[in-house]
Structures are given as structure tokens and as C-alpha cells.
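Structure first, commentary second.
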Amino acid sequence: MRGNGISRFLSAAALFGFALGLALIPERAASKSSQGANPTQSAANEPVPAYHRQAPQAALPATMSPEFFPDPVVQNAYAIAAKIKKTLYQQPCYCHCDRSQGHGSLLDCFASKHGAGCNICINEDFYSYEQSRKGKTAAQIRSGIIKGEWQSVDLTKYQQPLPAK
């Protein structure tokens with residue numbers, strides 16, 4: 001009788017472990033696709049996420065206030081997003097939130113809390129900002145994002161509050 005109870009417990013534990021493993025495998029696989037050994041190549045081989053080819057015809061959604069977030073890097077990301085909304089509207093986001101969150105462009109990440117918890121969104125935001133300050137067009141910035149150039153952004157310069165401009 002006692003051996004039968006242990007056997008049922010072990011079977012249930014194995015089944016639970018198997019189910020947990022199945023639940024976690026797709027999540028790990030998804031995160032590896034954007035952060036693999038050669039992320040630039042993997043970004044080039046996958047479909048480009050949703051974005052808008054042209055500047056918006058109507059008003060854009062507001063970005064969330066930087067004050068909602070305690071982390072200075074996140075605060076800076078949201079402050080910058082508010083300044084370059086038209087550019088972000090025309091950029092894809094390689095965390096694939098278009099699939100998981102229904103986002104239509106990188107701007108949607110900062111019109112919600114999503115951008116605060118996603119380094120891909122934050123890096124693409126800072127990349128877009130840096131490139132727009134160099135005079136690049138939204139299409140040129142998008143080309144760089146598609147090539148994976150956003151991965152080279154130095155986040156250390158965004159750890160302190162940015163000067164108000």
C-alpha cells in the first residue's frame with residue numbers, strides 16, 4: 001500500500017515536471033532567437049516585426065510618464081520616446097511584441113509599461129534617438145534596426161538623468 005502511494009506521488013511529480021518544462025521551453029526558445037550567438041544574423045533572417053512606413057497622419061498616443069519608473073535608464077528611455085514619437089512610430093521592435101502584445105510599432109512599447117521591462121525596446125529607443133540626432137531619417141534608422149545595429153548602444157551613458165532639452 002505504501003509503495004503504491006510513493007509510486008503515485010513520483011508519477012505526479014514527473015508529470016508536473018514535464019508540464020512545467022513544456023511551459024518554459026517556448027519562452028526560452030523565443031528569448032534565444034533574439035539574443036543568440038550571432039544576433040545580427042538571426043535578426044536579418046527573421047521576418048521584420050510590425051512598423052509603419054510613413055509618418056502618422058493623426059495624433060500619436062502619449063507615452064507613459066518617466067516618473068512612473070524608478071530606474072534612471074527606463075526613465076530616460078520614456079523621456080526620449082516622448083521626444084521622438086514620430087520616429088518610433090516608424091520602427092519595428094525585435095522583441096516581437098507585435099505578435100505577443102499586438103503592437104504596431106516601437107512607439108507602442110512606450111505608450112504602455114512594456115518598454116520598461118524590455119531591454120530590446122530600450123536599446124532600439126536609444127538607437128533611434130542617437131541616429132535621429134545624427135540627422136538620419138526614420139527609414140535609415142529602420143534599416144539600422146533591421147541590421148541589428150541597436151545592439152551596440154552603450155546603456156551606461158543613460159544611467160544618469162539626461163539634461164532637459
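Here the condition is being farther than 11 Å from CYS109 by Cα, surrounded by 14 or more Cβ atoms within 10 Å (Cβ to Cβ) and either of a type in the set (Gly, Ala, Ser) or without any contact (Cβ under 8 Å) to a residue 40 or more places away in the chain (or both); of ALA82, ALA77, ALA55, it holds for ALA82 alone.
Conditions (1) closer than 23 Å to ALA55 by Cβ; (2) of a type in the set (A, V, I, L, M), marked per residue:
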{"residue": "LYS85", "(1), (2)": "yes, no"}
{"residue": "SER112", "(1), (2)": "yes, no"}
{"residue": "ALA116", "(1), (2)": "no, yes"}
{"residue": "ASP125", "(1), (2)": "yes, no"}
{"residue": "LYS134", "(1), (2)": "yes, no"}
{"residue": "GLY144", "(1), (2)": "yes, no"}
{"residue": "SER152", "(1), (2)": "no, no"}
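Here is the figure for segment 86-121: residues that are more than 12 Å from the chain's Cα centre (by Cα), part of a helix (DSSP H, G or I) and surrounded by 18 or more Cβ atoms within 10 Å (Cβ to Cβ) total 3.
Among the residues of segment 64-85, those that are farther than 13 Å from ASP125 by Cβ and assigned to a helix (DSSP H, G or I) comprise GLU67, PHE68, PRO72.
Since every read-out is calculated from the coordinates, none of them should be taken as a lab result. Just so it is clear, the structure is predicted and the values come from calculations on it, not from any experiment. Heads up, the Cβs are rebuilt from the backbone with ideal geometry, glycines too, and the neighbour counts pull from every protein chain shown.
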